[in-house]
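To keep things clear, I will list the structure first and then write my remarks on it.
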Amino acid sequence: MIIDVHSHAWEYPQHFNDDFRQQASRAKGGTEFDLTVTLDAYRSSGGSKADRTIVFGGKAKLSGLWVDDEYVANYVAADPDHLIGFLSVDPTQDGWQKEMEVGHQELGMRGIKLLSMYAGFYPSDERLDPLWQYATDHQLPVLLHTGTTFVAQAPLDCTLPRHLDSVATRFPDVRIIMAHLSHPYEGECVVVIRKHPNVYTDVSALHYRPFQLYHSLMLVQEYGVWDKVLFGTDYPFTTVDASIDGLYGLNRMLDGTALPRLDETQIRAVIERDALDLLRL
């Protein structure tokens, strides 16, 4: 079984403003990202190997990204047997609680995606308590972007894993996923997922920094939290095939060195983990 817990649905470039696109281009040496998303392209790049895929858009006025939940619901409706939709909210904008209720109750979204750094808020802010309480009451998992960005106006402090520590303490029943192993704050991520039974992380969009990913997963191994790591891609930034190949290739980098190896049985377990059971989906 393969569950991709981290995949996007949006219309590019319509769902992004010019500032976001320009900053993305600068981050890639002046070349604009092609962030076009299609279900056929996802499938043909290995997505057909995924038994189920979690899909979301994203809402962050500060950074110039806004995907209405209706768009995601329509994307999911094209293949409801394999796709699971998550709603998104930007709590800095008026009406976000109503959007959350509509996304869940009317559009059938089964989880929540937050872009705290991109929108400029702290997930531990008590003004978000209604969100965490709603997620508790309705058993909705919450996946948050944690880690770096190229967007200048997005405050890095908002993305630090430490802010989920107090959330998980106050709302211990919510399934929380910190995306991208919170790179480059992997150490904080690992100690938070070890501390809280219902807090997880994913390995999405990390394989193309292989030495960093090796170090990150070595922390996971040394802290004994392999079971808290979920498979994800971050499509369209990368694919199922590339993500799997990247994970299996990490130990090959070490040939001819005395560096410790990652447990390949555990790497396979990450790829084949039944995240739906863990997330109650």
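Structure notes:
- Of the residues Phe20, Phe237, Phe211, Phe86, the one with the fewest other Cβ atoms within 10 Å heads the list, and the complete ranking is Phe211, Phe237, Phe20, Phe86.
- Size of electric dipole in the chain: Cβ of Lys, Arg +1 and of Asp, Glu -1, about Cα centre, debye, nearest 20: 600 debye
- Computed over the chain with a Gaussian network model linking Cα atoms closer than 10 Å, the most mobile of Ala50, Ala179, Ala78 is Ala78.
- Principal axis dimensions, the stretch 1-47 - Cα atoms, whole angstrom, descending: 39, 21, 18
- Cα shape, the stretch 1-156, gyration tensor, a/c 1.5 rule: oblate
- Dimensionless Rg over Rh [the stretch 190-253; C-alpha; Kirkwood]: 0.98
- By the count of neighbouring beta-carbon atoms within 10 Å, fewest first, Ser116, Ser25 end up ordered Ser25, Ser116.
- Size descriptor for the stretch 3-278, Kirkwood hydrodynamic radius: 18.8 Å (Cα pairs only, one decimal).
- The calculated FRET efficiency for Ala152 paired with Arg261, based on their beta-carbon distance and R0 = 41 Å, is about 0.60.
- Neighbour counting of Cβ atoms within 10 Å sorts the residues Ser243, Ser44, fewest neighbours leading, into Ser44, Ser243.
- Cα-Cα pairs of the stretch 160-281 separated by more than 24 Å (percent): 23 percent
- Dimensions of the stretch 79-223 from C-alpha coordinates, computed as largest minus smallest value along each principal axis and given longest first, are 44, 37, 29 Å.
- Alpha-carbon Rg with Dmax, taken over the stretch 156-212, Å: 11.4, 36
- A DSSP coil position with no more than 15 other Cβ atoms inside 10 Å describes the following GluC sites (Glu not before Pro) in the stretch 189-281: Glu272.
Only the coordinates and a few stated rules stand behind these numbers; no lab work does. Only a predicted model underlies this, so the values are computations on that prediction, with no experimental measurement involved. Glycine also receives a Cβ, built like all others from the backbone with ideal geometry; neighbour counts cover every protein chain displayed.
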